[in-house]
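What follows is a single structure, written as structure tokens, with notes after it.
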Amino acid sequence: MVGLVNREKESTKLLEAWNRRGPALVLLYGRRRLGKTFFLQDFLKTHRGIYFLGADSTSRENLGEFLGQLRRAFPERQDATPANYPTWRSALRLLCDLANDEPLAVVLDEFGYLCHADSAIPSILQSVWDSDARRTMLRLILCGSEVGVLSSLDEYGQPLHGRFDWRGYFQPLDYYDTARFIAASSPGDTYPAKDMMLTYGLYGGGGRYLAAIDPTRSVSENVAFQMLDPNGIFHNEGESLVRQERNIRDMAGYNAILAAIASGATQWGEVINQSHVERATLPTYLSRLQQLGLVVHEKPFEEPDRRGLYRLADNMLQSWYRYVFRWRSAIQMADPREAWNQLVQPDLPVYMGLEVFEGICRQHLVRFSSRYSLPLIVDIGRWWSRNSQVEIDIVAHLKDDSYIFGECKWTASPVDVDELIKLQRKVELLPHDSWKKEPRYILFSSGGFKPYLRERAREVNVVLVGPEELFPEMRLSEQ
């Protein structure tokens, strides 16, 4: 079993909360399947505490289960029964008593379920926190996957606003830590760089998915028998992930929208045309999907007033709707290997080049900018003209007020100097003069670069990033 990979920041924050004087209130939230539960349970292995997973049930039922968990954690407190502690207020006060003399970490996972069952729970918690918990060493951690519900707990006017000592948004692993995760679970040789990127493109950075990958099998075999096989563990994953969310009733509409976006419909009109969802109802669907953190509405870089594009926030969700949902009838009859060979593999250059590789390149630039002697990155994104005739894959604003522009090419063969010329011409067409003052350039290519481009790049100080440079300090297998 692979341990924690790149959760140093979260671990540090949690330890700070544990070591602080007095009580500590923590909010940790993020999409499902990212490893939040594993992270918190790993912390509780070495710290005195209780873990409780809320259920989509009644408040009374959850309270009874919580008290049962408390009795198991503290056998001397067999009096912790619903008869003696009939309310959440009394149960929370009991936690304060248990944390009087030494720190106690209490994780209330899927806290959103508790709030749905009893809308007064945040107010009850506020009352107990402001009075009974003040002189204790209670470390209360509220966790959940309902991004909208959990993030709203700290909004102005809400009972718990301003009381959190740490508010953490649990992110999926980026492409580099995904590779670290796979390498850590491999008993022998790791995947080559391109396969690492393919794995990230198809599985994303969720710990639940990465833990299931068998690194002794090829990427194609893993996908074939985990996603494309009707008996595979992730064959129903995309739809199940959405269906688990609260207030998702019309799965047909959500499926149609997600499948449309996964297939490349990024503009409002394209989503309507491909999903066949009624124009009047589409805003409701998209708003809910954005609230759940499943869909992102991306605006052109530094132009927040312009119309944006829609994309799926998770690579697993995107690949599932693009391949499994789209080809569900054919997959039921096909051998999983043939499904990969005929339905997935031919489309991978388009899929990876559409958005996945651009995301990898942006992550790389943010993470490793110091390797290229660049000033601190203030903001990063992509830009496209109003008529979509000019598109620039990467635009980043640097600390010295200069800008760097990048092009990302998912290709099997090395790129030549014409790609640099095209990028420079695109920058000349930009409407923002401040962007074009002493611009910097960076080119990414999954297939490497031709010698003349490398020579030219050295002359004009252009950064070139090939597959080897994308994984610095990692020993990956040869192609």
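Considering the stretch 348-400 alone, what residues qualify as being exposed (fewer than 12 other Cβ atoms within 10 Å of the Cβ) and assigned to a loop (DSSP other than H, G, I, E, B)?
Listed by number, the residues that qualify are 373, 376, 386, 387, 388, 389, 399, 400.
Go through the stretch 256-277 and count every residue that is over 22 Å from residue 323 (Cβ atoms), crowded, with 16+ Cβ neighbours inside 10 Å and free of Cβ contacts under 8 Å to residues at least 12 places away in the same chain.
Final tally of qualifying residues: 1.
For the stretch 157-168, state whether one or more residues are touching a residue at least 40 places away in the same chain (Cβ under 8 Å), more than 16 Å from residue 39 (Cβ to Cβ) and not in a loop (DSSP other than H, G, I, E, B).
No; the residues of the stretch 157-168 include none that is touching a residue at least 40 places away in the same chain (Cβ under 8 Å), more than 16 Å from residue 39 (Cβ to Cβ) and not in a loop (DSSP other than H, G, I, E, B).
Which of the residues spanning the stretch 310-347 are crowded, with 17+ Cβ neighbours inside 10 Å, farther than 26 Å from residue 296 by Cα and of a type outside the set (A, V, I, L, M, F, W, C)?
Result: 336, single match.
Take the stretch 322-346 and flag every residue that is within 19 Å of residue 255 (Cβ to Cβ), touching an Asp or Glu at 6+ places or on another chain (Cβ under 9 Å) and either in the same structural domain as residue 394 (by TED's automatic domain parsing) or not aliphatic (A, V, I, L, M) (or both).
322, 323, 325
Among the candidates 304, 283, 346, single out the residue that is farther than 19 Å from residue 171 by Cα and modelled with pLDDT of 95 or more.
346
Please give the number of the condition residue 375 fails out of (1) in contact (Cβ under 8 Å) with a residue 24 or more places away in the chain; (2) within 22 Å of residue 468 (Cα to Cα).
Going through the list (1) in contact (Cβ under 8 Å) with a residue 24 or more places away in the chain; (2) within 22 Å of residue 468 (Cα to Cα), residue 375 breaks only (2).
Filter the stretch 98-136 down to the residues that are among the hydroxyl-bearing types (Ser, Thr, Tyr) and either in contact (Cβ under 8 Å) with a residue 24 or more places away in the chain or surrounded by 22 or more Cβ atoms within 10 Å (Cβ to Cβ) (or both) and list them by number.
Result: 113, 123, 127, 136.
Just for the stretch 202-229: of the residues that are in a loop (DSSP other than H, G, I, E, B) and free of Cβ contacts under 8 Å to residues at least 24 places away in the same chain, which one is nearest to the chain's Cα centre (by Cα)?
In this case the residue turns out to be 212.
Residue 280 - would you say it is out of contact with any His (no Cβ under 6 Å at 6 or more places or on another chain), among the hydrophobic types (A, V, I, L, M, F, W, C) and surrounded by fewer than 16 Cβ atoms within 10 Å (Cβ to Cβ)?
In short, yes.
Could you list, in sequence order, all residues of the stretch 328-342 that are touching a residue at least 24 places away in the same chain (Cβ under 8 Å) and within 28 Å of the chain's Cα centre (by Cα)?
Scanning the stretch 328-342 gives 331, 336, 339, 340.
Can you name the number of the only condition in (1) assigned to a helix (DSSP H, G or I); (2) basic (Lys, Arg); (3) closer than 26 Å to residue 443 by Cα that residue 322 fails?
(3)
Scan the stretch 461-479 for residues that are surrounded by fewer than 12 Cβ atoms within 10 Å (Cβ to Cβ) and without any contact (Cβ under 8 Å) to a residue 24 or more places away in the chain and report the count.
Result for the stretch 461-479: 2.
Tell me, yes or no, whether the stretch 52-63 has at least one residue that is touching a helix residue (DSSP H, G or I) at 6+ places or on another chain (Cβ under 8 Å), assigned by TED's automatic domain parsing to the domain that holds residue 147, crowded, with 16+ Cβ neighbours inside 10 Å and farther than 25 Å from residue 243 by Cα.
Among the residues of the stretch 52-63, at least one is touching a helix residue (DSSP H, G or I) at 6+ places or on another chain (Cβ under 8 Å), assigned by TED's automatic domain parsing to the domain that holds residue 147, crowded, with 16+ Cβ neighbours inside 10 Å and farther than 25 Å from residue 243 by Cα, which makes the answer yes.
For residues that are assigned to a loop (DSSP other than H, G, I, E, B) and under 20 Å from residue 220 (Cα atoms), tally how many sit in the stretch 302-319.
1
So which residues in the stretch 20-70 are among the aliphatic types (A, V, I, L, M), assigned to a helix (DSSP H, G or I) and under 23 Å from the mean Cα position of the chain (by Cα)?
Result: 40, single match.
In the stretch 128-156, how many residues are β-branched (Val, Ile, Thr) and assigned to a loop (DSSP other than H, G, I, E, B)?
Total meeting the criteria: 1.
Yes or no, residue by residue, for (1) part of a helix (DSSP H, G or I); (2) touching a helix residue (DSSP H, G or I) at 6+ places or on another chain (Cβ under 7 Å); (3) surrounded by 13 or more Cβ atoms within 10 Å (Cβ to Cβ):
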site	(1), (2), (3)
11	yes, no, yes
72	yes, no, no
82	no, yes, yes
85	no, yes, yes
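Keeping to the stretch 222-240, report how many residues are surrounded by fewer than 19 Cβ atoms within 10 Å (Cβ to Cβ) and closer than 16 Å to residue 198 by Cα.
So the answer is 0.
Only one of these conditions is not met by residue 338: (1) within 18 Å of residue 236 (Cα to Cα); (2) modelled with pLDDT of 95 or more. Which number is it?
For residue 338, the failing item is (1).
Among the candidates 238, 253, 232, which residue alone is part of a helix (DSSP H, G or I), more than 22 Å from the chain's Cα centre (by Cα), within 27 Å of residue 56 (Cα to Cα) and in contact (Cβ under 8 Å) with a residue 24 or more places away in the chain?
That would be 253, the only listed residue that is part of a helix (DSSP H, G or I), more than 22 Å from the chain's Cα centre (by Cα), within 27 Å of residue 56 (Cα to Cα) and in contact (Cβ under 8 Å) with a residue 24 or more places away in the chain.
The values are calculated or read from the model by the stated rules, or taken from the named source; none is laboratory data. Note that the structure is predicted; figures quoted are calculated from it, not measured. Cβ sites come from the backbone with ideal geometry, for glycine too, and all protein chains shown count toward neighbours.
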